[in-house]
Amino acid sequence: MQGRKDDAGGAEGSTEQVPVSNGVTQFDVPRLLELTTGRQPAAPTIALAPELPGTRKGLRTVATSRLFVGLLALALVCAWLLPGTLGHDPWKQDETYTFGIIEHMLDTGDLVVPTNAGQPFMEKPPIYDWVAASLAWTFGRFLPLHDAARLASVVFAALTLACTARLARRATGAERWTDVRVSGMIALFASTLVIVKHIHDMMTDVALMAGAALAFCALYDLVCAHLQMEDRLRRYPNGDCNVAPARPDSTASQQATSDCQGPRTQSPAARHAAAMFGVGVGIAFLAKGLFLPLVFGATICAAMLLYPACRSSRFARSLARSALYFAPFALIWPLCLYLRSESLFRIWLWDNNIGRFFGFSVAQLGSENVGHLFVLRTALTVGFPVVPLALVALAGGAWRRLRDPEVALPVLFSGIGFAVLQASATVRELYILPFIAPLSLLAMQGVRYLPQRVHLAWDLTSRIVFGSFVVLVWAVWWTMTASPHTHGVLHLLGRWLPLDWVMPIQPKLIVAALALTLGWVLLLPLLKSAGRWRGAFSWCLGAVVAWGLVGTLLLPWLDVAKSYRAPFEDLRAKLNSTWKAGDCMASSGLGESEAPMLYYFAGVLHVPTTDPQDTTCNWLIEQGRPTQAQVPAGGWRLYWEGSRPGDNDELLRVYERVATTTAPGRLQPTGFRASLD
């Protein structure tokens with residue numbers, strides 16, 4: 001049999017080939033192509049592996065090579081996940097209030113009402129907070145509490161990566177996880193800029209992304225399973241598969257036998273996919289609310305219009321099964337919240353779900369849509385390379401296969417989702433996170449439409465850009481370890497980072513940075529054999545090493561600038577000598593990001609007030625700009641002021657009442673942190 005070229009663009013040579021067959025349930029991708037497009041493709045084939053050496057040395061070589069590939073994959077995943085995730089305090093904006101909710105759950109055991117620094121925070125459901133609190137409780141004795149809680153992002157990001165790999169293998173019919181198409185799709189997803197930027201953050205959108213990836217992978221399996229069942233029932237309407245063929249050893253006979261066995265093997269696959277779909281949509285619901293479940297609902301309706309098999313009673317039964325698995329996610333927590341407080345339930349459902357879309361609660365809650373083309377600009381910039389490659393695939397000819405599930409489902413799901421985001425009154429760049437994994441399936445197809453010279457140029461550009469960045473990061477680190485008077489060459493970074501600070505020498509971070517740099521240099525020569533995937537792999541490796549160096553070498557500098565540890569620990573040290581038993585601290589204008597850090601680092605739980613004159617507290621904290629220096633009315637005097645190092649836009653001021661009558665006493669730590677000690 002003649003050799004063919006695979007999706008990676010490399011010729012397989014003249015080897016004997018056999019139909020794909022393995023021991024796991026696998027969708028008949030070529031048959032789906034025939035069913036949805038009317039074309040009769042050739043049976044998918046793979047090259048027979050060469051005979052294994054008969055000696056023990058040959059077997060050890062094979063085992064060693066598999067072990068090497070597994071260890072390399074594990075190292076790459078760790079390099080992608082861990083730098084920037086561990087080793088720093090909660091950072092403004094999303095991490096601080098998320099950790100405030102987690103700390104409240106650990107302190108009080110209340111898992112129903114998300115509470116941030118003593119105030120109900122009903123913006124998002126609490127599934128991420130539940131997982132993070134569980135991990136913090138488990139690993140808090142080995143790691144700082146905030147690092148242990150941030151492991152939830154590692155869990156959800158790893159789940160997303162696994163679902164993306166499974167989707168790639170299902171869509172391509174790949175025999176092994178190491179197939180270049182599977183690896184290429186993972187590389188495209190993992191190196192998308194918005195993914196690299198946000199998967200290391202402690203925030204609920206990472207859980208939303210994981211739920212979306214799980215649900216979309218299951219939806220693809222579900223649609224494909226029903227398309228195949230519909231096709232087999234059409235070919236065997238009476239279900240009579242027991243007629244003996246004229247030639248039992250013929251290819252047609254073997255195909256007929258396989259088709260007759262199909263309904264029995266695909267029905268469990270459909271049930272499994274239905275269960276996965278319900279769980280995935282449930283995770284998405286408990287991460288963000290109604291947004292993604294409604295998008296999935298609209299996608300299913302569009303699939304029903306596109307595929308007759310999705311209008312069958314069998315598909316309806318699968319959706320009913322999905323609804324059963326979705327029900328616990330959709331009913332238990334909302335019902336508990338409603339029974340606890342009808343007003344809080346209304347704030348969550350009406351103001352934060354419906355109101356944020358139509359805009360009537362944006363003035364109160366903030367985060368409005370900043371432009372008519374914001375979603376498109378965001379998708380084309382921080383969505384690189386997945387979104388541009390998906391457009392390349394459609395423009396290159398994938399639109400002609402719009403009835404294929406691997407084209408139709410990503411287009412429908414992402415198109416509906418982007419349209420909803422563009423119409424919404426509230427949108428941020430991280431809201432496109434759930435659509436990157438589904439679009440990676442389309443982007444994978446876009447790679448083969450690019451000419452070879454584009455792949456070479458992409459590879460070369462990635463090497464130059466990320467190589468320059470690697471050198472720059474090492475140079476910045478070296479400069480920051482020297483005396484502060486030499487930091488003037490970094491004045492462009494002084495807008496965000498303190499230049500009068502000296503970088504400490506931390507051997508663990510330096511060793512990790514050296515390992516990342518050396519690994520990147522050693523892997524680059526291997527890309528010459530990657531064919532048309534060399535540009536994508538080069539970009540992915542560059543993105544991993546670039547983020548990894550920032551998350552190791554520059555992490556202490558970033559942490560000093562973005563953490564509230566320094567100002568609030570300084571405040572706590574000063575309060576210890578003057579705080580009196582029974583004192584409380586009122587707050588005016590204190591943000592949802594600053595309040596939980598005041599509690600975490602200073603042990604002070606604020607009491608919000610609209611009028612400082614009416615509060616009964618002896619202390620008052622205000623948040624404002626350095627130019628706002630007016631002392632509030634009501635007998636207050638300035639006691640302390642401070643800000644994060646390098647932050648010239650925000651200043652925190654603490655005032656003390658002129659006359660106090662309570663007995664002196666020291667500031668006590670929070671009960672939760674005392675229990676950890």
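Just so you know, all these numbers are worked out from the coordinates, no wet-lab data involved. From a predicted model like this one, the values you see are computed outputs, not experimental measurements. Neighbour counts run over all protein chains shown; Cβ positions are idealised from the backbone, glycine included.
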Per residue of segment 427-441, in order, report the coupling 6.51 cos²θ - 1.76 cosθ + 1.60 (Karplus, θ = phi - 60°) as ³J(HN,Hα) in whole Hz, putting x for Gly and Pro. 7, 9, 5, 6, 5, 8, 3, x, 9, 6, 4, x, 5, 4, 4
Taking the Cα centre of segment 387-455 as origin, sum charge times position over the Cβ atoms of Lys and Arg (+1) and Asp and Glu (-1), and report the length of that vector in debye to the nearest 20. 220
Farthest positive-ward along segment 284-349 dipole, Cα basis, beta-carbon charges - from Ser313, Phe345, Trp333: Ser313
Any of Lys92/Lys574; Lys92/Lys528; Lys197/Lys508; Lys508/Lys562; Lys288/Lys580 with alpha carbons more than 30 Å apart? Name them for me. Lys92/Lys528; Lys288/Lys580
May I ask which residue of Leu439, Gly519, Leu492 lies farthest towards the positive end of the charge dipole of segment 426-527, with charges of +1 (Lys, Arg) and -1 (Asp, Glu) on Cβ and the Cα centre as origin? Leu439
What does the extension gain come out to for Arg625 and Trp501, with contour length at 0.36 nm per residue minus their alpha carbon separation? 42.4 nm
Residue by residue through segment 81-96, the couplings from Karplus 6.51 cos²θ - 1.76 cosθ + 1.60 with θ = phi - 60°, in Hz, x for Gly and Pro, are 8, 7, x, x, 8, 10, x, 8, 6, x, 10, 5, 10, 7, 5, 5
Output the peptides 474-483, 617-626 sorted from most to least packed, where packing is the average of other Cβ atoms within 10 Å over each peptide's residues. 617-626, 474-483
Whole-Å distance linking the alpha carbon centroid of segment 177-224 with that of segment 569-623 is 42
Would you work out which of Ala152, Gly100, Leu167 lies farthest towards the positive end of the dipole of segment 77-233? Charges go on Cβ: Lys and Arg +1, Asp and Glu -1. Leu167
Mind listing the long-range amide H neighbours of Val607? Cut-off is under 5 Å, sequence gap 5 or more, other chains count too, H placed in the peptide plane at 1.01 Å from N. Met585, Ala586, Ser587
Can you list the residues of segment 445-466 with backbone N under 18 Å from a point 7 Å past the Cα of Val521, pointing along Cα to Cβ? 463-466
Beyond 17 Å, how much of the Cα-Cα pair distribution for segment 507-577 remains, as a whole percent? 59
Computed from the beta carbon distance with a Förster radius of 35 Å, FRET efficiency for Lys574 and Ala73 to the nearest 0.05 stands at 0.10
Size of electric dipole in segment 485-629: Cβ of Lys, Arg +1 and of Asp, Glu -1, about Cα centre, debye, nearest 20: 940
Taking the Cα centre of segment 570-653 as the origin, how large is its charge dipole in debye, to the nearest 20, when only Lys and Arg (+1) and Asp and Glu (-1) carry charge on their Cβ atoms? 320
Report the label-to-label distance for Leu294 and Arg176 in nanometres (one decimal), using points 7 Å from each Cα along the Cα→Cβ vector. 4.7
Quick one: if the Förster radius is 60 Å, what FRET efficiency do Thr609 and His272 give, using the C-beta to C-beta distance and rounding to 0.05? 0.65
Amide H of Tyr639 versus every other amide H placed in the peptide plane: which residues, excluding those fewer than 5 positions away on the same chain, fall under 5 Å? Val654, Tyr655, Glu656
As computed over segment 568-643, the Cα convex hull volume per residue (Å³): 93
